[in-house]
Amino acid sequence: MLVIPFLSKSQDSFKIVGDISGLGSGKLIYLIYDSGDKQITDSTIIQEGRFSFKGSIDFPVYASLFLNKNPYVARPSKSEVTDSFKFYLENSPMDMLATDSLKNIVITGSLGNKQNVELRSMFKANDVKFALLNKAFNELPETSKKDSLTLAQLRKREEDILNESYDIYLDFANIHPDSYLSVLVLSYVASQPGKVKQVKTVYDKLSSYLKKSPLGSGIPTILASHQVINVGKPAPNFELKNAGGSPVRLSDFRNQFVLLDFWASWCGPCRAENPNLVKAYGKYKGKGFQIVGVSLDFPGQRTAWLKAIETDKLSWPQISDLKGWDNAVAKIYGIRFIPANVLIDPTGKIIAVNLKGDELKTKLEELLKVN
């Protein structure tokens, strides 16, 4: 979310011109971004620190530059340092300047990136608060990091800082109703139940063109999900294909407790939580409990998704449309962060959300001991 473009109607193509003298000649640079349900990969050879890319996109997209290695094809080792730069690609001329590294790029010629500088300046005080919170956690003794009271206090601080960040995003979107950056930040804030009214007020001010964009048109669905996805409400049915191409429906699992697990192969916290799910599934499978994994992997990540299923030993049903955050089931359920989950009872009613670790273990023991 650090570099977001302005949605321009006057341009129908993009041109990136880079000048990073310290990179010399002969190195390969990759440009990777999503277009519809496909992942686009382009590459060029750097000559005397210079490179360029040309193309056209329907709407601004999140894009990355990588030096020498395409990490989606050749996964970096844990100790390997990758030189990369993330930004949002728009149909506009963009100059990328730096002296030594992709990560130090400064973009000019793009109104969206200029607006992003404004947004980041609005976040300076909030960023400092997050940095101090992280510092406080890292400096804790290992015993304190496991203390429930200490963690609860840190989570409260984190919650307050996050709420402040949501208000900053709303302020920016209110100032810039014609910016695609506003669409992105509203899509993010829309996932917060306490911000529905404020998001709707700002969303109504957006131009009709922005509202018709893929991201913009999904915001009302996210807002509506807060009225649907609540404990005690019926869980919406859905249909999505598994890796083999067969349709999977929530209704296929009636008369069981079902945990909808939203995750992705690229999500570190999700992968860290998977061993807990494996234990729970091993203990309660066949006793009225089922897990359905919903992957938010992106276009071009099918292999990574399947590899993660195999590596993490996830033996329950897995579904995905490989559309990342535009996953159809995730949009219905208002999922805007992962890992996330929804626990559904045998009648199809939602009984809990976002149970992790011991919380999930305790809840399942309570439910399945009786049932």
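With the cut-off at under 14 Å, measuring from each backbone N in segment 78-113 to a point 7 Å along the Cα-to-Cβ line of residue 44 picks out 92-97.
Using a Gaussian network model of the chain in which every pair of alpha carbons under 10 angstrom is joined by a spring, one finds that among 239, 359, 273 the greatest mean-square fluctuation is at 359.
Extension gain for residue 207 to residue 28 (0.36 nm times residue separation, less C-alpha to C-alpha distance): 60.5 nm. Here the contact order of segment 79-204, divided by its residue count and restricted to Cα pairs under 8 Å and six or more residues apart, works out to 16 percent.
For the chain, the square roots a ≥ b ≥ c of the C-alpha gyration tensor eigenvalues yield an a/c of 1.5 or more together with a/b exceeding b/c, which makes the shape prolate.
On the basis of the beta-carbon distance and an R0 of 51 Å, residue 95 and residue 369 show a calculated FRET efficiency of 0.20. Out of all DSSP beta bridges with both ends in the chain, state the antiparallel percent to the nearest 5. That works out to approximately 70 percent antiparallel. Model label sites at residue 227 and residue 137, defined 7 Å from Cα along the beta-carbon direction, differ in position by 3.5 nm. Comparing mean-square fluctuations of 224, 235, 125 from a GNM of the chain with C-alpha springs under 10 Å, the top value falls on 125.
According to the square roots a ≥ b ≥ c of the eigenvalues of the Cα gyration tensor, what is the shape class of segment 253-296, taking rounded for a/c under 1.5, prolate for a/b larger than b/c otherwise, and oblate for the remainder? Verdict is oblate for segment 253-296. For segment 166-268, the set of chymotrypsin sites (Phe, Trp or Tyr not before Pro) satisfying both a DSSP loop assignment and a count of at most 15 other C-beta atoms within 10 Å is empty. The loop-placed trypsin sites (Lys or Arg not before Pro) in segment 299-371, going by DSSP, that have at most 13 neighbouring Cβ atoms within 10 Å of their Cβ come out as 313.
When the Gaussian network model of the chain links Cα atoms closer than 10 Å, the mean-square fluctuations of 210, 259, 133 top out at 133.
Summed over qualifying helices (DSSP H, 4 residues or more, each -39500 (n - 2.57)) and divided by its residue number, the chain shows a 222 nm mean residue ellipticity of -12000 deg cm²/dmol.
Here the relative contact order of the chain, from alpha carbon pairs under 8 Å that lie six or more residues apart, stands at 14 percent.
No value in this document is a laboratory result; all are computed from the given coordinates. Since we're looking at a predicted model, the values are computed, not measured. No Cβ is skipped: glycine too gets one built from the backbone with ideal geometry, and neighbour counts run over all protein chains shown.
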